[in-house]
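The next block holds one structure in the form of structure tokens; read it before the comments.
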Amino acid sequence: ILLMASYEIFRDDLERALPFACAVEMLHTYSLIHDDLPAMDDDDFRRGKPASHKKFGEATAILAGDALLTEAFGLMAKAGYELGLGSAALAAMSELGRAAGLGGLISGQEADLESEGRPYAEKDLEYISKLKTGSLIRAAVVMGGILAEATESDLTALSGFGEKIGLAFQIVDDMLDFQGGDGKEKGSDARKKKATYAALLGLKGSEERAQRLSEEGLSYLEIFSGRTEILREIARYLVARKG
């Protein structure tokens, strides 16, 4: 949705962006399946239902994640060729590759695991959150602009928006884990002694920080003349969601 909403700022032919939006969703789902594994966050539930490894076994969960990751890039390559997107498709694939690899998701997950049970400061939390969560949210927003052949200044604005709401999303996610919302097992992060905003700033402080980040993110959209309402509503929803 983020990718297609940013694409729609510039163009109407959403069918060009749809395969890439699907690829982002496939990659995101892979990350959740692997994130829940016993060797990672060891979560038994996802969105209120048994996690993949609990329902189908660890081996199948690992393979399902591997398949989704691989197929995501295959889908983008196929769409880029068949739709004649040329360098725009390659740039979008590169953006997602960076966000999902050592420059984003993977390094963020490793830092998150290493932080368990250790003292941490807010700068540590921000580093983890920007990489583990924010990188993929930011990439989805920027990819929409890339595929729509937006200007560099447009992409910079989209990147700023994505980075801010990505961090806001993680803060609210920490709050929901603390309170037991959004299909999450209440207090799961605390039991694992994970680094979270809810533990460091408290619920009120976390809520205020998320709200401020959302407003800062929205300010990046002011350069666009219109057609940003979906992105604006998503930013508001990420902060207001209760589960």
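Close amide H partners of residue 45, meaning residues 5 or more places away or on another chain with modelled amide H under 5 Å apart, are 51.
Karplus-derived 3J(HN,Hα) values for the stretch 6-11, using 6.51 cos²θ - 1.76 cosθ + 1.60 with θ = phi - 60°, are 6, 4, 5, 4, 10, 9 Hz; glycine and proline are entered as x. Our note on the geometry: Cα centres of the stretch 1-23 and the stretch 70-138, 18 Å apart.
Each helix, a run of at least 4 DSSP H residues, gives -39500 (n - 2.57); summed and divided by the residues of the chain, these come to -22000 deg cm²/dmol at 222 nm. Size of the stretch 43-132 from its Cα atoms: along the principal axes, largest to smallest, the extents are 50, 36, 21 Å. For residue 142, the solvent-accessible surface computed with a 1.4 Å probe is close to 10 Å², ligands and nucleic acids excluded. Note on surface exposure: 29, 196 rank 29, 196 by accessible area, highest first, 1.4 Å probe. Other residues within the sphere of radius under 11 Å centred on the Cβ of residue 216, judged by their own Cβ, net out at +1 (K and R +1, D and E -1). Taking the Kirkwood radius as Rh and the Cα radius of gyration as Rg, the stretch 101-162 has a ratio of Rg/Rh equal to 1.11.
The local environment of residue 72, defined by Cβ-Cβ distances under 12 Å, has a net charge of -2 under the rule Lys, Arg +1 and Asp, Glu -1.
Can you give the relative contact order of the chain as a percent, counting alpha carbon pairs under 8 Å and 6+ residues apart?
After rounding, I find 22 percent.
Under a model in which nothing but the beta-carbon of Lys, Arg (+1) and Asp, Glu (-1) is charged, the stretch 1-126 shows a dipole of about 360 debye around its Cα centre. Largest first, the residues 130, 123, 164 sort by 1.4 Å accessible area into 123, 130, 164. I'd like the accessible area for residue 216: 1.4 Å probe, protein heavy atoms, all chains in place, Å² to the nearest 10. Approximately 60 Å² for this residue. Per residue, the Cα convex hull of the stretch 1-77 amounts to 95 Å³. Using DSSP to call loops (not H, G, I, E or B), can you name the trypsin sites (Lys or Arg not before Pro) in the stretch 1-71 whose Cβ has at most 13 other Cβ atoms within 10 angstrom? For trypsin sites (Lys or Arg not before Pro) across the stretch 1-71 that sit outside H, G, I, E and B with at most 13 neighbouring Cβ atoms in 10 Å, the list reads 47.
The values are calculated or read from the model by the stated rules, or taken from the named source; none is laboratory data. Source: prediction; values computed, not measured. Cβ atoms come from the backbone with ideal geometry, glycine included; neighbour counts cover every protein chain shown. Ligands, DNA and RNA are stripped out before the accessible areas are found, and what is left, the full protein with its side chains, is counted by its heavy atoms. Shrake-Rupley method; radii C 1.70, N 1.55, O 1.52, S 1.80 Å.
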